[in-house]
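A.B. asks: Pasting a structure here, questions to come.
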Amino acid sequence: MSNALKVVAINGSPRSNGNTARALRVMTDELEVAGIATETVHIGNKSIAGCLACGACANTSDNLCVQKDIVNEVALKVRAADGFILGSPTYYAGIAGTMKAFLDRMFYSSSRYFRYKVATMVSVVRRTGGLDVQHQLDNYLGLAGTITPPSQYWRVVYGREQGEALQDAEGIQTMRANARDMAWLLKTLDASKAIPKPETEKRVWTHFIR
Ligand SMILES: Cc1cc2nc3c(=O)[nH]c(=O)nc-3n(C[C@H](O)[C@H](O)[C@H](O)COP(=O)(O)O)c2cc1C
């Protein structure tokens with residue numbers, strides 16, 4: 001049963017073997033041990049432009065972005081997966097720029113496909129701003145209606161030079177625990193597939209001016 005379950009991990013750092021990559025690998029290793037298939041994609045080292053706010057993705061049958069690049073490729077992988085992990089380094093107390101452009105476009109075009117997927121995140125930081133990144137990443141997950149597994153602490157890992165993150169014993173333990181909880185949640189949801197999802201209401205949209 002669980003062999004069919006899959007998680008996509010997204011590395012938003014330009015350093016494909018940096019601290020974010022190491023933290024994500026700790027998580028994917030733990031997931032694999034629990035029988036969950038994983039795939040890691042590195043988007044932080046790609047050239048990714050921001051959202052054009054053209055709205056085209058809302059009006060096509062596949063809801064893909066008009067900018068034909070890796071964002072659509074990864075969006076399709078995530079749509080097909082049971083869960084996903086967002087990993088971002090902290091740049092100026094925020095999500096790294098390329099990752100921000102990627103997330104804006106992937107979530108704007110694909111959030112409707114992510115509801116009830118199991119999703120979590122990790123932010124990596126030298127010193128300050130990791131929790132800000134955590135909150136920013138959570139904004140995407142929450143609005144998309146994903147289900148986040150519990151963790152023993154906020155999912156922030158510390159390190160500056162590539163590989164230092166592995167020396168943050170508590171941060172790494174937190175990510176291992178979060179990955180184990182993710183595997184459990186994936187299997188639990190898979191086992192309860194027969195229970196129908198709650199009914200949804202017609203959406204009310206207000207813009208505070210009408
Ligand atoms: C442009 C830039 C901005 C950064 N801003 C911060 C920051 O605001 N706070 C902080 O603690 N570290 C900051 N850092 C350090 C990185 O968050 C840290 O080195 C992290 O380990 C990078 O993750 P990576 O190895 O996955 O790329 C910054 C690094 C760069 C390159």
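A.B. asks: For the list (1) under 23 Å from residue 37 (Cα atoms); (2) hydrophobic (A, V, I, L, M, F, W, C); (3) in contact with a Gly (Cβ under 9 Å, 6 or more places away or on another chain); (4) within 16 Å of the ligand (Cβ to nearest atom), I need the number of the one condition that residue 154 fails.
C.D. replies: (1)
A.B. asks: Go through region 23-46 and count every residue that is touching a Leu at 6+ places or on another chain (Cβ under 9 Å) and either farther than 10 Å from residue 87 by Cβ or polar (S, T, N, Q) (or both).
C.D. replies: Filtering region 23-46 for residues touching a Leu at 6+ places or on another chain (Cβ under 9 Å) gives 23, 26, 31, 34-38, 40.
From what is left, the residues that are either farther than 10 Å from residue 87 by Cβ or polar (S, T, N, Q) (or both) are 26, 31, 34-38, 40.
The total comes to 8.
A.B. asks: Just checking, how many residues over region 1-14 are surrounded by fewer than 17 Cβ atoms within 10 Å (Cβ to Cβ) and not in a helix (DSSP H, G or I)?
C.D. replies: 1
A.B. asks: Report yes if residue 78 is away from the ligand (no atom under 16 Å from the Cβ), closer than 23 Å to residue 38 by Cβ, within 15 Å of the chain's Cα centre (by Cα) and in contact (Cβ under 8 Å) with a residue 40 or more places away in the chain, otherwise no. Steps first, answer last, please.
C.D. replies: On the way: away from the ligand (no atom under 16 Å from the Cβ): yes; closer than 23 Å to residue 38 by Cβ: yes; within 15 Å of the chain's Cα centre (by Cα): yes; in contact (Cβ under 8 Å) with a residue 40 or more places away in the chain: yes.
Considered against the rule, which asks whether it is away from the ligand (no atom under 16 Å from the Cβ), closer than 23 Å to residue 38 by Cβ, within 15 Å of the chain's Cα centre (by Cα) and in contact (Cβ under 8 Å) with a residue 40 or more places away in the chain, residue 78 comes out as yes.
A.B. asks: Filter region 126-158 for residues that are closer than 21 Å to residue 14 by Cα and touching an Asp or Glu at 6+ places or on another chain (Cβ under 6 Å) and give the result.
C.D. replies: 157, 158, listed by residue number.
A.B. asks: Here are the criteria: (1) part of a helix (DSSP H, G or I); (2) out of contact with any strand residue (DSSP E or B) (no Cβ under 8 Å at 6 or more places or on another chain); (3) surrounded by fewer than 18 Cβ atoms within 10 Å (Cβ to Cβ). Tell me which single one residue 152 does not satisfy.
C.D. replies: (1)
A.B. asks: Can I ask one more? For residue 209, only one of the following conditions fails: (1) within 16 Å of the ligand (Cβ to nearest atom); (2) without any contact (Cβ under 8 Å) to a residue 12 or more places away in the chain. What is its number?
C.D. replies: (1)
Any read-out appearing in this document is the output of simple, stated calculations on the displayed coordinates, not a laboratory observation. All values derive from a computational prediction rather than experimental measurement. As a convention, Cβ positions derive from the backbone with ideal geometry for all residues, glycine included, and neighbour counts pool all protein chains shown.
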